[in-house]
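Derivation of every value follows stated rules applied to the coordinates shown; laboratory data play no part. Everything numeric here is computed off the predicted structure, so don't read it as measured data. Here the Cβ positions follow ideal geometry from the backbone for every residue, glycine too, while neighbour counts run over all protein chains shown.
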Amino acid sequence: VFLPGIVVVLGTIWTLGLMSLLGFRLSVVSVMVPPLVLALGSSYSIHVLNQYYRSARVHTEDKMWIAASVAHINRTISLAALTTIIGFVSLVSGTLPQVREFGLATSFGIFFCGLLSLFLFPAVVPLLKPPTARERDRVLEGHLSRSLQTYSQWVVKGRYVILAFLILVALVFGLLLPRVHYQTDYTAYQKKSESAIDDYLYSTRTFGGFVFLYITLTAPEGESNYFLRPKVLQRIARFEEVLEQDQDISYLSSFSAYIRFMNQTMTGKRTIPERRAPILLLSRYFRSIAVSPGNRQFAEALVNQDFSRLTLTLRVYNSETNKPMDEKRMNALIERLTDRMQRLLDADTQPVLWGDSLAYLSISEILSRDQIKSVLVSLVLILAVTTVAFRSIKLGLFSLIPIFTGIMLTISIMTLVKIPFDVVTVMFTSVAIGVGIDDSIHLIIQYRHQQGNIAQALSMAGRPILLTSASLIAGLLVLLLSSFLPVVYFGLLISLVLVTTTLGALIILPAILSLSS
């Protein structure tokens, strides 16, 4: 019982040490590495233990049967570890550095656990008390093994019903796929009970947000004092008046706005003066504000020294929810601003819309692109590995069917319950491919060992498949305790996809193998 724990603890310690040597820092993504290594690494020891009890020889001093039992299972463990590593390594093809580090670190952890299961485990087991005949028989002919033999007959008889269910899952997935959405609002990453989020949302409601956009205008050919011309400033003022009507713009600051304010103070009219002389006077008053270093920086952010470049500052938020803008609403605002810039501003001033928040508008596109890329990489590599291992392209493709079924079911469910893809949950498909393929590999290897006898293959492989899946799911559910919602969703999605891929390996894959034979 303690040996699997020793294996995964050592593997996790080695992984954290290697992360430190490589300069990886714990982030909201890489913080999942230790629990994942602990959970995923235990499955290899369970496979070795299962074979150890199956091959147990009682009343003998010869320990060579232990080496034979490990040799019998080492191919399954090696393939399972390799495919899991491929699933995580495929994340290295992504754009975000935190995701790449997470994929690489977890891959090393899986490698260490697989290595320890094949070498440390067999070295320690001979020092322990050998299994009794009763313990061996419980594994060979226990209630679970007998139930699997009975159930295998139902799978073969109901293979057409199972195939129809698979087609139905694919149709539902196709209908729900367009409804998948990506979450880029970082305030939604925390639980609602977090006081910091409550304080931030309160401040957003009170001050109208903390997200800024900027519109910079440049004089034609860099002409000095261009933005002191009355007609130029009046046109900019009309543009600003239109922007002030937009409910999502809570604050607007510019040189033109200050000129109007100062003119109102002096004349009672909040307009741009018709003549150049008053504008020159007001501009000098404006420059007098910039005497202190702090005010100078503020003034120069609005207009440069020779009045050849002018910048408008906009503070924006979601006026309907009083929260920061999500990507969809920000894109709509950008479209409105771009349209108004083209209609109301002089094209010769080369208006440019910019701001740090615009960089986040491509996050969904990056996440979607990285997801597709990593999934394709993992699928191609895993198909190549399984095809070579089984010496059959057909069996290699069959091994992927439970994976596709599990991913389609999981994405359909997450769409229905409105769980979004984000920087963390977007990784679950690649991880699911690498982890979920293990059950298919184990069953197909037993299927070939039993020369196509599905009932016997399920009897031999079903027990370790169920035990390892239960162990993995139990280990991954610890992620639900996180206060960071993407980590909670990731643990939930991986657990759900493991349930569905396990059922796929024990129900759908045998039915497909039966149909093919």
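Structural remarks
- Residue-count net charge about G222 - beta-carbon cut-off 11 Å; Lys, Arg +1, Asp, Glu -1: -2
- In region 251-300, the ratio of gyration radius to Kirkwood radius, Rg to Rh, stands at 0.99 when only Cα atoms are counted.
- In a simple Cβ point-charge model (Lys, Arg +1; Asp, Glu -1; nothing else charged), region 369-517 has a dipole of about 260 debye relative to its Cα centre.
- Dividing the convex hull volume of the alpha carbon atoms of region 196-354 by its residue count gives 127 Å³ per residue.
- With semi-axes defined as the square roots of five times the eigenvalues of the C-alpha gyration tensor, the equivalent ellipsoid of region 290-437 measures 51, 18, 15 Å, largest first.
- Against the chain, whose longest principal axis comes from its Cα atoms, helix 195-207 is set at around 20 degrees.
- Euclidean distance of C-alpha centroids, region 317-391 and region 448-498, integer Å: 34 Å
- Selected from P351, F255, L314, residue furthest toward positive end of dipole (region 196-354; charges at beta carbon): F255
- Projecting the Cα positions of T468, H449, L409 onto the charge dipole of the chain (unit charges on Cβ atoms of Lys, Arg, Asp and Glu, taken about the Cα centre) puts H449 furthest along the positive direction.
- Summing Cβ point charges (Lys, Arg +1; Asp, Glu -1) relative to the Cα centre of region 196-354 gives a dipole of roughly 680 debye.
- Per-residue ellipticity at 222 nm computed for the chain from its helices equals -22500 deg cm²/dmol, with DSSP H segments shorter than 4 residues left out and the rest contributing -39,500 (n - 2.57).
- Between the residues V380, Y202, Y160, the greatest Cα displacement towards the positive end of the dipole of the chain, with unit charges on the Cβ of Lys, Arg, Asp and Glu, is found for Y160.
- Helix 393-416 and the long axis of the chain differ in direction by around 50°, with both axes built from C-alpha atoms.
- Net charge dipole, the chain: roughly 520 debye, given to the nearest 20, about the Cα centre with Cβ charges of +1 for Lys and Arg and -1 for Asp and Glu.
- Note that the chain shows a convex hull volume over its alpha carbon atoms of 185 Å³ per residue.
- Surface/4 estimate of mean projected area, convex hull on alpha-carbon atoms of region 215-275, nm²: 4.7 nm²
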